[in-house]
Amino acid sequence: MELEYERMKEFVPSNTKSMNSACNSEIKECKHEILRKQRHLILLHLYNNDYYPHFFPSNKEEFYDYINQDADNNPDEITPETKSYLSQIYDHLLNNPADLVTLTNSASHVFDSSNLAAFYYSTIPSIYGYFSSYEHIAFGYRFYCQLLQKVQHRIFLEAVVPFFRNATTYRYIESVSESIIDLFCRDVQLLKTETNNRFFEGIADNLHDIIVKYLQLLPKTHLNLLILMFNNKYSRHDIYEFFVSQFLQPEVTDYLKSSAFSTHNKLFNSICEYLLTTADKNDFEELLMSNSLIDIPSMFGDFGQKHIDLIVTPLDGSLLSTLIRSTGACSKTLEAIGNNGPMVMQGYQTLFVRVIPTIPIHPVSSIGGKIFFDQERMETCHASINRFDYLIKFLSPKYDENYPESFLEDKELDTSSLCLDCRHKLGQGEKPEHCDTCGGLQKHTLTFKEYTIEKRYDDMYELSEAFENFIERKLSFDILKKFKSDVDRAHSNSLALHAENLIDNYLADSEQSEIVKSSHLYLKQFKLLDNQKDDMIFFAARAESLMSTVSASRVKTDLTEFEAKFSEVVAMSSIKMPTPFVKNENQSRKLFFNKRFVEIAGLLNLVTIQPFTKRFFHISKCLRYLDELKHISGAEKSLIPNALRICVDPGVVSTILKCIAMLMKKNNFVALLPKETAELWYEMENEIVNIASTDEETLLMWTRLVDALVNAF
């Protein structure tokens, strides 16, 4: 036992309990953040929806602030009665999807288009945790399966859209979008090419192949719904149109808008429209035969929890109450709950409620069994010997020759291990030294050392179980965090697009004098714009807006002349590739370095096909790639001059000039940048000045243009 205790002690951290506590706090925060971000992702679709809810702010600048209300900030705004009603109604509907099917079928008759959109995108998803985990999706899938079989096709196809348009499908959208970018977005000349049916036919076939290729990145529940639609007499065209028009097209469009290829959106939408005309000709069965490789992680079962968390609002509760009162086909229980609900429209503050499903929640990816300490627990003393327990508190767990032998061998009886007959004899004053049943006093008399080792072993065994539990929870948490990274990427892209919409609207409605004096501090009126990237986007959009005031001036002509002059100078320069790219004993490394360099230079050529608001970020990415390649290759100098030399688009250098003059010369903007990014821009400016310095006229043009743009704004 002592050896086993020492073995466990070597591997079990003494702070296991505090590690478990810290891990539990992180898990809770991660869960809530996924729930909040999934909710934002689905609700943000309402911003550009044709049926913007009439009870949302009429001023759309307040939209994000409105959907982001937290009841914890104003707990008194939600009464105990409302909280009780929300808990009851959500508990009932989660466990009784048939009642929600009845309400959904009635909603299209009871609600106008505005309220119906809110019901589809806010209320129904809130019942299923905005599809934030395996458990939420499983219950949501059960509802949508029943809905599909009970209501008209039109109702189902409208109601199911939010189930697809969220982070659970983001890996699919991401992969499809990147393949579309590779297919036709990187071809700069394509935007200038006259398109015809022959062109669309070729591209549409490729797009269909891409759509099918990555279907394995959709969750199985979503693929099963497509199959179920087909089995329930939905036409090929209806299913294909839903998948492309209601799901794929808007999601990929948003992805392209947030990428370097937003100018290709019009072309992509035209390709989608052509693709839909050929829906009946495509190999439709491929949509129904894919096997999913995606597992949305558990949020509850894998962590030993029997409940699920939901994020709800009183407003959603009032929509449900209105529906229940207007629908005569509800169950008695639901009617009783609904009649206690609010009669008027409520607020939109969020709060978390806990629901215990009637269907038991089981672990999804649990390891099962122990990892490290799988030995059976050794039998130890069950009774507490008070005198020994008191001494243990003051002693080190290490026992050796430093303690007197008489002290360690002090004996006491473990009465808990004696049989009833021996205990009775002991109570009568007898001393049963030997017993055929339990062994008697001789067997169950413990020394202080033996007792202490057993107690330490018991404590360590319990700690080892806590450590095993921690390891299993940590593994489940790591899986959950991987999904959270998908949610984070989807959420970041969605918010960036929303921020751009706000900025564009603000700049379009503002006087020129207001735009000139605006700084990032001015944007505090937008509650959404509370991070650095959004402020940076504002500066870039502001610069683009201000450039229009000089477009007809001498500056535009001078920029064109500078582009031509700089192209001549850089072509005549003696810029050479660094040694690792030219002389390298390892030919594979040499080929890799040059291939990667050409790829980065090619990215730089794509700058001018983008809106100005995205150009700074795209150039920054290219600079980062060049810097990484420099360090990997061991190049002795910067690769920026080499990239500029092979850049075929003369507009790149004038874009760089504008960014330097209108952004990098502004202290408020530079303060938003990571230090590394600012240093790369300063390095590029120095390299351009060095190249321009070989021709006095070119250098003078550069200096004059930078000064003119700096002084103009």
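What to note about this one:
- Charge tally around GLN152: other residues with Cβ under 15 Å, Lys/Arg +1 each, Asp/Glu -1 each, net +1.
- Each residue of region 495-508 was assigned a 3J(HN,Hα) from its phi angle through the Karplus expression (A = 6.51, B = -1.76, C = 1.60, θ = phi - 60°), giving 5, 4, 5, 5, 4, 4, 4, 4, 5, 4, 5, 5, 5, 5 Hz with x at Gly and Pro.
- Net charge over other residues, Cβ less than 11 angstrom from the Cβ of SER122 (K, R count +1; D, E count -1): 0
- Net charge of neighbours whose Cβ lies under 15 Å from the Cβ of VAL161, counting Lys and Arg as +1 and Asp and Glu as -1: -4
- Separation of region 288-343 and region 578-603, taken as the distance between their Cα centroids, equals 57 angstrom.
- Region 213-271: radius of gyration and largest Cα-Cα distance (Dmax), Å: 13.7, 41
- Region 54-127 and region 621-696 have Cα centres separated by 50 Å.
- In Hz, Karplus ³J(HN,Hα) per residue of region 13-30 (6.51, -1.76, 1.60; θ = phi - 60°; x = Gly, Pro): x, 5, 9, 4, 5, 5, 4, 4, 5, 5, 5, 4, 5, 5, 4, 4, 5, 4
- When the listed pairs LYS60/LYS621; LYS565/LYS658; LYS484/LYS658; LYS31/LYS150 are checked against a 27 Å cut-off, the alpha-carbon distance exceeds it for LYS60/LYS621; LYS484/LYS658; LYS31/LYS150.
- Region 469-476 - phi-based ³J(HN,Hα) in whole Hz, Karplus 6.51/-1.76/1.60, Gly and Pro as x: 4, 4, 4, 5, 5, 5, 5, 5
- Shape call, region 165-296: gyration tensor on alpha carbons, a/c limit 1.5: oblate
- Residue exposure sequence - ARG589, ARG165 - by fewest surrounding Cβ within 10 Å: ARG589, ARG165
- Using only the C-alpha atoms, the convex hull of region 581-686 corresponds to 96 Å³ per residue.
- All-pairs Cα distance distribution in region 533-712, expressed in whole percent, bin size 5 Å: 1, 8, 17, 20, 20, 16, 10, 5, 2, 1, 0
Computed from the coordinates by the stated procedures, all read-outs in this text should not be read as laboratory data. If you're wondering where the values come from, they're calculated on a predicted model, not measured in any experiment. All Cβ positions, glycine included, derive from the backbone under ideal geometry; neighbour counts span all protein chains shown.
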